[in-house]
Amino acid sequence: MERDTDAPLALPEWLSAEELTRLRDLATAMADDAARLVVTERPRSLGVEATKSSEVDVVTVMDQRSEQLLRERIDAERPDDAILGEEGGASEGTSGLTWVVDPIDGTVNYLYGHPFFAVSVAVCIGDTTREGAWLPVAGAVSAPLLGETYAAAHGQGAHLVTADGRREPLAVSDCERLELALVGTGFGYEAAKREEQGAAVAQLLPKVRDIRRGGSAALDLCFVASGRLDGYYESGINAWDQAAGQVIATEAGAAIGGAPGGEMGKAMAIATAPGIFADLTDCLFPEAR
Ligand code: LIP
């Protein structure tokens, strides 16, 4: 039976609060292990192993090793679940759950030695290969050089674990005015797309406090969840960039959405303090007013 795509995805009865907690904690443990690996085993002369959509869309050997670690752990601990990974693509499952993983989100930062990168691990219901047909229900984002791990489970709030082990509940900012908002965004790997995104930033810049370009969608979404950004938007990101950060921002109280009438996804991903969501969306889609 086709799912009514207008209705929000409902949590299946068999997915209990205890199970969601277990999935969140497993995602956290796996993200932390992979994050530790990409720091401790980073080759002295790290280079570009391959390129994807363009010459600047790079893969390093540590993206591949991190994803291999995550896949082996998921296969061992959750053999009936499906997996969707940035480097290895999709593998089938029978449980109704899909692990959506980005082995290094912010690969260009990682390559250049910038600290703003993370391992992103989410668990989703629905069909993760179709836009708007899936929902993250638990997830973790581990940023080893920031010494921070963000995590959340559906209906259980979001938290940050700091390097000294403190566990802090997360809440978005109370920003109400777009002109006072610090907004994060990002740019794709293809010149034509960057030109379009550059034009969007140019028209937004005079209307906000300032713009931040961190380089990792997963961390940008976690910064919205912790109030370090009042909002984030980007077009062209993939499910693996978005999934864990989406459930963390949602559980921290963010308003989440996409292009007018659409879900958060490749066309547009928006997450903000509730007070500025409508104004930011209006700025990004003036024609939809
Ligand atoms: C990155 C995203 C970022 C975007 C970059 C890139 P990657 O993901 O997290 O938001 O601006 O172009 O897509 O490629 O490092 O996994």
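Think of it as helices only: each DSSP H run of n ≥ 4 in the chain is worth -39500 (n - 2.57), and spread over all residues that comes to -10000 deg cm²/dmol at 222 nm. Close amide H partners of residue 86, meaning residues 5 or more places away or on another chain with modelled amide H under 5 Å apart, are 101. Along the Cα-to-Cβ line of residue 211, 7 Å from the Cα, sits a label point; which residues in segment 231-271 have backbone N less than 12 Å from it? Once the point is set 7 Å along Cα→Cβ of residue 211, 233-235 turn out to lie under 12 Å by backbone N, inside segment 231-271. Farthest toward the positive end of the dipole of the chain, out of 120, 243, 227, is the Cα of 227, where the dipole comes from beta carbon charges about the Cα centre.
Might you tell me the accessible area per residue for the chain, computed with a 1.4 Å probe and given in Å²?
On the way: 12980 Å² over 289 residues.
Solvent-accessible surface per residue comes out at 45 Å².
Shown for the chain: the carbon plus sulfur share of the solvent-accessible area, taken with all protein chains present and a 1.4 angstrom probe, equals 51%. Would you work out if the chain is rounded, prolate or oblate? Take a ≥ b ≥ c from the square roots of the eigenvalues of the alpha-carbon gyration tensor; rounded if a/c is under 1.5, else prolate when a/b is larger than b/c, oblate otherwise. Cα axes put the chain in the rounded bin.
Take 257-264, 76-83 and order them by the average number of nearby Cβ atoms within 10 Å per residue, most first; the result is 257-264, 76-83.
Under the convention that each Lys and Arg Cβ holds +1 and each Asp and Glu Cβ holds -1, the size of the dipole of segment 127-225 around its Cα centre is about 100 debye. In a fully extended conformation the segment linking residue 29 and residue 80 would gain 16.5 nm over its present Cα-Cα distance, using 0.36 nm per residue. With a simple spin-label model that places each label point 7 Å from the Cα along the Cα-to-Cβ direction, the separation between residue 72 and residue 174 comes to 4.9 nm. The residues packed around residue 273, meaning those with a beta-carbon under 13 Å from its beta-carbon, carry a net charge of -1 if Lys and Arg are +1 and Asp and Glu are -1.
Ordered by packing density, taken as the mean number of other Cβ atoms within 10 Å over each peptide's residues, highest first, how do 149-162, 44-57 rank?
149-162, 44-57
Each Lys or Arg adds one and each Asp or Glu takes one away; over the other residues whose Cβ falls under 15 Å from the Cβ of residue 201, this sums to +1.
The values are calculated or read from the model by the stated rules, or taken from the named source; none is laboratory data. As the structure is a prediction and not an experimental result, all values here were calculated from the model. No Cβ is skipped: glycine too gets one built from the backbone with ideal geometry, and neighbour counts run over all protein chains shown. Note: areas computed on protein heavy atoms with side chains; ligands, DNA, RNA excluded. Shrake-Rupley method; radii C 1.70, N 1.55, O 1.52, S 1.80 Å.
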